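Data block below; observations after.
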Amino acid sequence: RTFHAHAAYRFCHDSLFHMTTSILGSAIAAPFLASLSLATLGRADKHIPRGHLEPFGSWTDGRPIDERFDVPEPEEFYNEYCDYDKGYGKPVVFRGAANSMTAVSTWSTDDQLLEQYSKEKVSGVEYNLKETRAGGQVDGMNTMGQFLKAYNTSDIYLVSQVPKGMHKDIDFLPCMRCGGYLNYLDTNNLWIGRGGSKSVIHYDDQDNINCMIAGSKRFVFMHPSWKAKFEAHPNSNKNKFGWVDTDLDRSVKGYGAFFGKIDVDKMDLMKYPGWIDVEWSYVDLQPGDCVYIPYQWYHQVTAMPVRSINVHIWYWRPAKFNKESCDAQALAAPPPTLADCTYGYEPPRGHLGPPKAGKKPFTQCGARGTGPPAKKTKKRRKGSGSEL
């Protein structure tokens, strides 16, 4: 901020110097200009908030989130992190939790991925390493091989469901192996970039466990209690945070609801002064680290300038922890891989809605290495359209 204030001061000083010397002459003008002390600069400086036109978060110091070098048992995870703070939850990083996953050792280079998974189908490649949600999808890029041969020299990144052939390389964390988490799985996603990517500021509707396989990323978090202020008067100049909702105004570029008017590299705190009072926390993920992000926690993610890969699992948090599912056998069993589960659960109401009465939870997982439980087929009565 001192730089910007000083630059403004020098501009005014130099302009005034040329004007006064042309009218009064240098002998008279010099003493007058000398009276313009840095006290004037100091008064002007007070009107420029800390972090103005600087990267996201520069207006105050952030604090690190909770850090653990173990993974809690499922019930402790639910009570201490998922259901903490009246259900808002609490982000936490599990250092090294993914180190035993096959992906950490076998996805470490592009050559390894090309050798094993070149023909795997990918469901999404997007333009703009600095996300705007308006870049659109890259047409005709449908396989892992096509992406890997192009991304290092292009402004693109992969955000796709984890290709099925790669599912076996990613494990669920032990804190999810019972308690109900695996009954409410939404989807999984794979992110690959050449480094330097920056997300928009947003939140997710689901709980999220995000594991760093290669590279490094910083996650910055803001508490959901800011929701009423953050999202008031969307798409309007009355909003002091730059929040937009494309569902309310189709002329707004992008998709969904997010802080679409904010440049995360150059925060305009004069135009969006609400941020000045917002506290934030952060974590820097290294290969093997996993972070838990509770639903509706606002976050922004920046990749360091090196190749990065991360995988996240979205799931709908159980309304209550299912103790009955955590018997001795379940706690002793190794957690399943992505390949052992079904996906696609959507709650009938809200974020914590239970399954509809009389119906079993939508998603299921088989024992590690066995694949998803087989679907039961219903026999049809001969000569009748009814099912048994």
Per residue, how much accessible surface does the range 254-343 expose to a 1.4 Å probe? Answer in Å², no decimals. 40 Å²
Computing the accessible area with a 1.4 Å probe over protein heavy atoms, can you report the carbon and sulfur percentage for the range 199-277? 49 percent
Take the residue pairs Lys240/Lys271; Lys86/Lys323; Lys198/Lys266; Lys229/Lys266; Lys240/Lys266; Lys198/Lys238 and return only those whose Cα atoms are more than 18 Å apart. Lys86/Lys323; Lys229/Lys266; Lys198/Lys238
Solvent exposure of the range 36-176 as accessible area per residue, Å², 1.4 Å probe: 50 Å²
Of all accessible heavy-atom area on the range 72-164, the percent that carbon and sulfur account for (1.4 Å): 43 percent
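Hey, got the dipole for the range 137-197? About the Cα centre, +1 on K and R Cβ, -1 on D and E Cβ, debye to the nearest 20?
Here the range 137-197 has a charge dipole of around 160 debye.
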Förster-model FRET efficiency, 51 Å R0, Asp327 and Thr132, C-beta, rounded to 0.05: 0.55
Net dipole in debye of the range 210-344 [+1 Lys, Arg Cβ; -1 Asp, Glu Cβ; about Cα centre; nearest 20]: 340 debye
Ordered by residue, what ³J(HN,Hα) values in Hz, to whole numbers, does the range 117-124 give under the Karplus form 6.51 cos²θ - 1.76 cosθ + 1.60, where θ = phi - 60° and Gly and Pro are x? 10, 4, 8, 5, 6, 10, 9, x
Largest-first ranking of Phe321, Phe362 by accessible area, probe 1.4 Å, whole protein assembly kept, is Phe362, Phe321
For Pro55, the net charge from surrounding residues (Cβ-Cβ under 13 Å; K, R +1; D, E -1) works out to +1
In order through the range 126-136: 3J(HN,Hα) via Karplus (6.51 cos²θ - 1.76 cosθ + 1.60), integer Hz, x for Gly, Pro: 10, 7, 6, 4, 8, 5, 10, 6, 10, x, x
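The values are calculated or read from the model by the stated rules, or taken from the named source; none is laboratory data. The structure presented is a predicted model; accordingly, all values stated were derived computationally and were not measured. A quick note on method: Cβ atoms are made from the backbone with ideal geometry, for glycine too, and the neighbour counts reach across all protein chains shown. The area values use the complete protein model at the heavy-atom level, side chains included, leaving out ligands, DNA and RNA. Shrake-Rupley method; radii C 1.70, N 1.55, O 1.52, S 1.80 Å.
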